[in-house]
Amino acid sequence: MTLNPADAAFSSRLSSLLPEGVLRAAEPRYLEEPRGRFQGQAGLLALPRSVEEVSILVSKANSARVPVVPYGGGTGLVGGQVMPDGPAPLVISLERMAVIRAVHARENVLIAEAGAILADVQAAAQAAGRLFPLSLAAEGSARIGGNLSTNAGGVNVLRYGNARDLCLGLEAVLPTGEIWHGLSRLRKDNTGYDLRNLLIGAEGTLGVITAAALKLSPIPASQGTAVFTVTDPQAAIDLLALARDNAGEGVSAFELIHRQGLEFLAETLPQVRQPFVEAPEWCVLIELGLPRGLEAEETLADLFEAAEAAGLASDGVIAQSDSQRQALWSVREHIPLANKAIGSVSSHDISVPISEIPAFIEQGREAVGKLGEFRINCFGHLGDGNLHYNVFPAKGRKREDYDSSRDAVNAAVHDLVQAFGGSFSAEHGVGRMKSGDLERYGDPAKLAAMRAIKQALDPNGIMNPGAVLRAE
């Protein structure tokens with residue numbers, strides 16, 4: 001399908017239909033992504049203030065066959081928010097559509113526009129005595145529309161689910177420019193195909209999300225956080241089972257941390273206080289959120305006693321205050337920043353069945369070791385099977401020294417993930433970075449269905465071309 005650039009003539013046609021200030025030249029920040037793997041382009045930037053203005057933009061782009069790139073907070077890690085190739089696109093940023101439209105506390109529902117920053121959504125829920133549990137490192141700049149478009153995960157998936165599980169309804173502009181008024185607050189609406197779940201996780205390839213009805217939860221009456229050392233990943237899995245036996249669904253987060261990540265942290269961010277004088281080989285960060293009548297700190301103390309007796313844990317730190325709790329989380333949240341400072345050869349956001357994690361970690365070390373000398377930092381959301389399996393240069397070497405090895409490392413890790421029945425993208429999405437992996441590892445029937453859906457909803461191929469499905 002031939003597409004046309006968002007050039008001066010296209011801008012001129014749009015300008016008479018929109019208020020002053022909506023259209024402008026794109027600043028460099030709209031053309032960058034955090035890992036620096038892609039450099040985007042834009043013929044025109046639009047900052048609409050309403051769904052009606054988004055509708056005009058998309059409708060005219062569709063008529064002129066101009067590519068459209070929806071833009072949220074720009075925090076995506078797979079290049080879905082930038083378009084490096086092809087005709088210069090129209091970039092639509094939702095940042096001026098950031099209103100919290102309503103909070104229905106008794107229904108546990110919050111309605112937010114797509115440009116609302118995730119931390120602001122959390123704060124609005126908190127002010128109403130409720131919890132919006134989606135939580136991730138970029139929550140201070142990520143926007144809820146982007147979170148839904150990528151089906152973001154984060155640290156609380158174990159208890160509350162991905163972004164998909166936290167959404168009841170959507171308002172969106174479809175590729176034709178039509179507005180879908182699907183902003184339902186219903187938990188039961190069994191009326192045919194679920195367009196909501198098509199748009200969530202589609203990474204802007206099937207339309208532009210402009211608002212969402214989000215699920216809230218009660219705020220736990222007692223919260224507790226602890227770090228326990230464990231002998232190995234199998235012990236961590238056994239400890240997870242023990243924690244869930246003791247606290248049930250009160251286990252909100254369960255994060256696996258390897259010594260390599262703590263060493264990177266000490267090297268690059270020494271100001272981040274670590275819980276142990278000497279970094280353990282493996283440890284887990286546990287968070288509990290319990291209802292009235294149960295004390296999280298006591299439950300964690302009982303859990304440690306039981307884990308120690310079972311030979312699963314040998315040391316531990318239980319936060320005694322909110323500041324200590326934040327300090328423990330600060331360690332986990334700064335590991336990705338330390339990784340970035342070191343510079344990875346190849347980074348992987350993968351998932352495998354939880355019981356297979358120990359074997360995967362061992363076989364992954366062997367598979368990568370056959371390709372050269374590397375350091376591996378394996379950490380992440382053990383409770384839902386999602387590991388961030390990142391491969392780094394040997395000490396004293398730089399990532400540039402391994403340019404010729406990157407593809408082989410990536411293939412070795414993802415081939416092993418496939419052999420274990422896992423996924424090469426657990427929570428970051430596909431974007432442009434992993435579209436080739438989708439073709440290599442994706443089920444043929446699923447890929448054919450995805451292409452048919454794309455063709456049916458976006459026959460001109462204007463929506464984020466090249467993301468998820470490679471442009472043909």
| field | Surface/4 of the Cα convex hull for the chain, nm² | value | 22.6
| query | Once the other residues with Cβ under 12 Å from the Cβ of ASN386 are scored (Lys, Arg +1; Asp, Glu -1), what is the net sum? | reply | -4
| field | Unsatisfied cross-links (Cα-Cα over 29 Å) in the set LYS370/LYS446; LYS370/LYS434; LYS188/LYS446; LYS370/LYS398; LYS370/LYS395 | value | LYS370/LYS446
| task | Calculate, for THR176 and ARG440, the FRET efficiency according to 1/(1 + (r/R0)^6) with r their C-beta to C-beta distance and R0 45 Å; round to the nearest 0.05. | result | 0.90
| Could the peptides 131-143, 232-244 be put in order, highest first, of the mean number of other beta-carbon atoms found within 10 Å of their residues? | 131-143, 232-244
| request: Let me know the charge dipole size of the chain about its Cα centre in debye, to the nearest 20, where only the beta-carbon of Lys, Arg (+1) and Asp, Glu (-1) is charged. | output: 1460
| said: For LYS60, give me every one of the lysines with a C-alpha distance below 27 angstrom, ignoring sequence neighbours fewer than eight places off in its own chain. | reply: LYS454
| message | Quick check: the angle from helix 444-457's long axis to the longest principal axis of the chain, C-alpha only, nearest 10 degrees? | response | 40
| note | Computed over segment 380-472, the Cα gyration tensor eigenvalues, each multiplied by 5 and square-rooted, give semi-axes in Å (largest first) of 29, 17, 12
| query | So for segment 148-202, what are the equivalent ellipsoid semi-axes in whole Å, largest first, each being the square root of 5 times an eigenvalue of the Cα gyration tensor? | reply | 22, 14, 8
| Taking the Cα centre of each part, how many Å lie between segment 241-286 and segment 442-472? | 40
| task | Please give the net charge around GLY21, taking every other residue with its beta carbon less than 12 angstrom from that of GLY21, where Lys and Arg add +1 and Asp and Glu add -1. | result | +1
| Which semi-axis lengths, in whole Å and largest first, follow from the square roots of five times the eigenvalues of the Cα gyration tensor of segment 62-139? | 31, 15, 8
| task | For segment 268-402, just list the percent of Cα-Cα distances falling in each 10 Å bin from zero outward, please. | result | 10, 33, 36, 17, 4, 0
| request: Sum -39500 (n - 2.57) across every DSSP H segment of at least 4 residues in the chain, then divide by the residue count to get the 222 nm mean residue ellipticity, nearest 500. | output: -10000 deg cm²/dmol
| As computed over segment 1-142, the Cα convex hull volume per residue (Å³) | 124
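Taken together, the values in this text are just the output of simple stated rules run on the coordinates, not laboratory data. Fair warning: this is a prediction, and the values are worked out from it, not measured in the lab. Because the Cβ atoms are built from the backbone with ideal geometry, glycine has one as well, and the counts that use them run over all protein chains shown.
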